[in-house]
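Notes follow once the structure below has been shown.
The values are calculated or read from the model by the stated rules, or taken from the named source; none is laboratory data. Keep in mind it's a predicted model, so treat the numbers as computed, not measured. Cβ placement follows ideal geometry from the backbone for every residue including glycine, while neighbour counts extend to all protein chains displayed. Surface areas here come from the heavy atoms of the whole protein model, side chains and all, with no ligands, DNA or RNA. Shrake-Rupley method; radii C 1.70, N 1.55, O 1.52, S 1.80 Å.
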Amino acid sequence: MKVVKTIAEVREQVKQWRAEGLTVGLVPTMGYLHEGHASLIDASCKDNDRTVVSDFVNPMQFSPSEDLESYPRDLAHDAELAEAHGCDMIFNPEPDEMYHKNFSSFVDMTVLTEELCGISRPIHFRGVCTVVNKLFNIVQPDRAYFGKKDAQQLAVIRHMADDLNMNIEIVGCPIIRENDGLAKSSRNTYLNQDERKAAVILSKSLEAGKSLIRNGITDCGKIITEIKSIIDSEPLARIDYVKIVDAETIQQIETLDKLALCAMAVYIGKTRLIDNFFTEDI
Ligand code: PAF
């Protein structure tokens, strides 16, 4: 497996693979890889002849008050994990390889980015859309793999690919969880021992929401109230949002009469965690 730093090296390698008639999958990541990322690499290796993992902490998707500097990084660990799962090339550029000093073009999206995480992270999705667009242009994959944990991101990227006529299949992969239910995330490393125990409240409250739905409740207000009351019972937890939205448009709905996404962002101490379920997965 190669670890490359420049766009030219990626292009050269992909050109060779294309000349051999091989298909290419892309797994975009910000590194600090865990089993969630490994499942995306597995899915890509299954569907494609070659798999590229991008490993880049994208400054453009962090606001000045967020954790860009402290975001965990470990390229040696990432290379080991990615190779063990069959990755063929890691693209690990420096920020100035991705954003030269006169960089001034952005990919922006309205509507889908204005709900959920878009409210407390107003510049986030512009940064995500711009970097993912760049990665798509650099690698030109047949397919790209994203986790359902970042459900709004997945909807935004699917929508972008459709709006901008990108000839790339966007594949959403299931959330991978710890044994106690906590969704795997690079940010879980910020949690101290007490916070780690408290963080289970996210998945626990979602399970309670699912159980109401299984019992025939379709009133989104009732489901959200139940979920919020469970989270509020945990002293270390502070809710940013708990909402139920149309899974495609990311607009709030009152009644479960279409494919829906129940999503939350909750602070455990200072760490903001997200989790969700799609009603199709209940
Ligand atoms: O999900 C992530 O890790 C990032 O948002 C992504 C898609 C790699 C873009 O930087």
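Condition check: of a type in the set (Gly, Ala, Ser), part of a loop (DSSP other than H, G, I, E, B), open to solvent by 60 Å² or more (accessible area, probe 1.4 Å) and farther than 29 Å from ASN179 by Cβ. Does SER65 satisfy that?
yes
If the requirement is being under 23 Å from the mean Cα position of the chain (by Cα), under 15 Å from ILE282 (Cα atoms) and not small (Gly, Ala, Ser), which of these qualifies: ILE227, ILE244, ILE223?
Numbers: ILE227 fails: under 15 Å from ILE282 (Cα atoms); ILE223 fails: under 23 Å from the mean Cα position of the chain (by Cα).
One residue alone meets the criteria, ILE244.
Considering each residue of the stretch 26-80, count those that are touching a strand residue (DSSP E or B) at 6+ places or on another chain (Cβ under 7 Å) and of a type in the set (Ser, Thr, Tyr), and give that number.
Of the residues in that region, 5 qualify.
Across the stretch 44-62, which residue is nearest to the ligand (Cβ to nearest atom) among those that are aliphatic (A, V, I, L, M) and open to solvent by less than 30 Å² (accessible area, probe 1.4 Å)?
Residue satisfying both the conditions and the ranking: VAL57.
Hey, can you tell me all the residues within the stretch 3-32 that are open to solvent by 40 Å² or more (accessible area, probe 1.4 Å), more than 15 Å from the ligand (Cβ to nearest atom) and within 22 Å of GLY127 (Cα to Cα)?
Of everything in the stretch 3-32, those that are open to solvent by 40 Å² or more (accessible area, probe 1.4 Å), more than 15 Å from the ligand (Cβ to nearest atom) and within 22 Å of GLY127 (Cα to Cα) turn out to be LYS5, THR6.
Among the numbered criteria (1) in contact with a helix residue (DSSP H, G or I) (Cβ under 9 Å, 6 or more places away or on another chain); (2) under 21 Å from PHE146 (Cβ atoms), which single criterion is violated by SER63?
In the conditions (1) in contact with a helix residue (DSSP H, G or I) (Cβ under 9 Å, 6 or more places away or on another chain); (2) under 21 Å from PHE146 (Cβ atoms), SER63 misses (2) alone.
Give HIS85, HIS77 a once-over and let me know the one that is surrounded by fewer than 17 Cβ atoms within 10 Å (Cβ to Cβ) and either away from the ligand (no atom under 12 Å from the Cβ) or under 17 Å from VAL27 (Cβ atoms) (or both).
Working: HIS85 fails: surrounded by fewer than 17 Cβ atoms within 10 Å (Cβ to Cβ).
Criteria check complete, one pass: HIS77.
Might you let me know whether the stretch 104-122 holds any residue that is under 21 Å from GLY36 (Cα atoms) and in contact with a helix residue (DSSP H, G or I) (Cβ under 9 Å, 6 or more places away or on another chain)?
yes
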